[in-house]
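Each reported figure results from applying straightforward, stated rules to the coordinates on display, with no laboratory input. Since the structure is predicted, the reported quantities are computational estimates derived from the model, not experimental observations. Cβ: placed from backbone, ideal geometry, glycine included. Neighbour counts: every protein chain shown.
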Amino acid sequence: MSEILNIIAVGLLLGGVYSLVSVGLNLIFGVIRIVNFAQGEFVMLGMYGAFAAQVALHMDPYVAVVLVTPALFLLGAVVYAVILRPLGGEPMMQIFATFGLLMVLQNVILAVSGGAAYSVDSVLSSRSVSIGPLQFGLVRVVALTASSVVAAGLGLYLKLSLQGKAIRAVAQDRKAAQLMGIDVERVYTITFGVGAALAGLAGCLLSPLYTMSPQIGTNFILPAFAVVVLGGLGSVLGAYVGGFIVGLTEALAGYYIDPSLKDAVLFLMFIIVLIVRPSGLFGHAGAEEVGLREQS
Amino acid sequence: MSKADRLRAWAKPRGVPTFAFELPINLAVLATLAALVWAFRADGFSLNILAGAFLFAGLATSWNIVGGFCGQFSLGHSVFFATGAYTTANLYLKFHVSPWLALVPSAFLSAGIAVAVSWPVFRLRGPFFAFATMAFTEVLLSLAMYFDSVTGGSRGVSVPFRAGFANMIFRDRLSYAVLMLGFLAVSLIVLSAIARSRLGYRLQAIRDNEDAARAAGIDVLREKLVAMALSAALTGIGGALFLMYVRVADPPTLFSLFDVGVKMALITLIGGIGTIYGPLLGALFVVVLENFLRAELGGSIPGGNLIVLGFILIGTALFLRRGIYGALTGLVARFAGKPT
């Protein structure tokens, strides 16, 4: 009994990590309809940002959030304005451009760090909490809590604030939103910035958990794509719930089938969902066909 | 006839170009490349680069069938690449079948897997198709790591050095360069034959507007599958040749998203997507540049070559959408006095 509880707990905590990483990806995906392959690299930059803040300013990674998140917002906004805006309406070129960005970011960090593996310490690193017979690392619990807070916060922001309403309007119908006086390009720039900032936030919060390498973003981006497809295009709730589904699948498959096959199980599930219900659990039906065509 | 007129006539053939029109150009291009190999015949370092460039030119050309002409952005071609490599390795190492003969089952098996996998996935469009193919790469990579009796698992397969024509293992680099040139020749001629046939035009119709193509009576799924099968068969042959060339490979190398699956697409894009000679130009440019940068920067700046490649990729997407080939034909047209 405690075995299965343990597996579920591990899965949920892992799910928290994936949710956190996926929310930003799905925001960009759902609103701008850009498949950002470099999203994992934004997470990676967040981690290295937390490391830099610790080395230079002796900051705890949880404090470094206040520096890293705005920095990534700016980076995201600049990337959108310089690289992706000119490619509007050409989704394939955008994919290639974000791939180029991925290569540049990954290897710039490799060149700067010389490939050395870094890790950061937090005051929370070695603490753990126990519930009944189960023990959890506090850092993972914080990540889980943060992803819940972020998902709820983003959901409320999109629902209630004027800016959020503008973002949703643009996501639904770009032309109509423009006719209502919404500055569509501004909304896109802000959305991409927010998406990048969320990735940076995730990077900071996850930095005490992982040993950093320039390629670490790739570990997040593939599960994050699975999360987005499972949860549904552009749905915050979908990304949140999808994260847990992916985390649980990974934990259960790792335990009951074979740890080395957990990726295979996960991605098989991903492909099946893609084929059976391409709009995902919480997405709008047909989004996979209409959503990525240029709205004219 | 003035010089400009002749150039214009050359740049714009009358009517619909046929395979008979394309084949002599193919052969001329291949003869030029053969001359290039001959010029470097004593230089092992350059021959290595040429062999790599020809291999990737052939791979990108085969990717172009489904990616460029049919508009289906497969990021999963490394699966077919690995299928070909493992089929040949197993037939050669376990059953002592000559790699030359093993190329046939390699091609068929790759095509079979491609059709089986693509059948359901072709329901998806655009980026969703790209995702699904990428996910398939991951599934098969972990399966390959798991079933180590076929793939050698994480240790990989290694082919012992037994030089000889029947074993497709050579002492000199020249033979490998010629071998890869042969692969490129096959890919190029197959692509030309497709591009200048009804199949090619149907594929382009699907790429440009799938719904309109269906309305015009094209069996969209069938044409896509044919394109995928041909493309995968050629990729499988490429994988088999790659394995015999490097003689040792593990799953992460063969299923590599960046070094195989995506690279084929990137080379095609940089060279000129949906054109016959674009992938070839792209491969010559990218592979030669990569080797140059690795030699120049590799030691001092780790990953420096990939930084440059990444910037080239972004630059191509932004400023050179029709790739190197598009830029060159644009130049030719301008010299011929035609407004671009």
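Starting from the amide H of residue B:169, placed 1.01 Å from N in the peptide plane, find each other amide H under 5 Å away whose residue is 5 or more places distant or on another chain.
B:164
222 nm [θ] for chain A, helices only, -39500 (n - 2.57) per DSSP H run of 4+, per residue, to 500?
Helix contribution divided over all residues of chain A: -24000 deg cm²/dmol.
Check which residues have an amide H placed less than 5 Å from residue B:248's amide H, if you skip close sequence neighbours.
Counting only residues 5 or more places away or on other chains, the set is B:159.
For chain B, what does the helix formula give at 222 nm: sum of -39500 (n - 2.57) over DSSP H segments with n ≥ 4, over the residue count, nearest 500 deg cm²/dmol?
About -24000 deg cm²/dmol.
Below 14 angstrom from the Cβ of residue A:245, what's the summed charge of the other residues (Lys, Arg +1; Asp, Glu -1)?
Combined, the nearby Lys, Arg, Asp and Glu give +1.
Give the residue from B:53, B:137, B:243 lying farthest towards the positive end of the charge dipole for segment B:17-256; charges sit on Cβ (+1 for Lys and Arg, -1 for Asp and Glu) and the dipole is referred to the Cα centre.
B:243
Neighbour counts of other C-beta atoms within 10 Å: give me A:121, A:263, B:250 arranged from fewest to most.
Lowest count first: A:121, B:250, A:263.
Could you please report the charge total around residue B:230, scoring K, R as +1 and D, E as -1 over all other residues with beta-carbon less than 15 angstrom from its beta-carbon?
Combined, the nearby Lys, Arg, Asp and Glu give +4.
Going by Cα centres, segment B:303-320 and segment B:42-66 are how many Å apart?
Their Cα centres are 20 Å away from one another.
Using label points projected 7 Å from each Cα along Cα→Cβ, tell me how many nm separate residue A:8 and residue B:219, to one decimal.
For the pair residue A:8/residue B:219, the computed spacing is 5.0 nm.
Among the aspartates and glutamates, which fall within straight-line cross-link reach of residue A:175, defined as a Cα-Cα distance under 15 Å, with same-chain neighbours fewer than 8 residues apart omitted?
Within the straight-line limit of under 15 Å, residue A:175 reaches these aspartates and glutamates: A:183, A:185, A:294.
Any idea how far the Cα center of segment B:162-189 sits from the one of segment A:3-41, in Å?
Cα centres, segment B:162-189 to segment A:3-41: 46 Å.
Which whole-Hz couplings ³J(HN,Hα) result when phi for each residue of segment B:316-325 is put into the Karplus expression 6.51 cos²θ - 1.76 cosθ + 1.60, θ = phi - 60°, listed in order with x for Gly and Pro?
Whole-Hz 3J(HN,Hα) from phi for segment B:316-325: 4, 4, 7, 10, 9, 5, 9, x, 5, 4.
Is the C-alpha gyration tensor of segment B:17-256 telling us rounded, prolate or oblate? Criteria: a/c under 1.5 is rounded; beyond that, a/b larger than b/c is prolate, otherwise oblate.
Since a/c reaches 1.5 but b/c is at least a/b, the shape of segment B:17-256 is classed as oblate.
For each of B:255, B:19, B:45, count neighbouring Cβ atoms within 10 Å of the residue's Cβ, then give the residues from fewest to most.
Going from least to most buried by this count: B:45, B:19, B:255.
Which distance in nm do the two modelled labels at residue B:163 and residue B:100 give, with both placed 7 Å along the Cα-to-Cβ direction?
About 1.8 nm, to one decimal.
Hey, fewest Cβ within 10 Å first, where do B:86, A:256 land in order?
A:256, B:86
Taking only Cα atoms, what is the 0 to 90° angle, nearest 10, from helix A:262-276's long axis to the longest principal axis of chain A?
In chain A, helix A:262-276 runs at an angle near 30 degrees to the longest axis.
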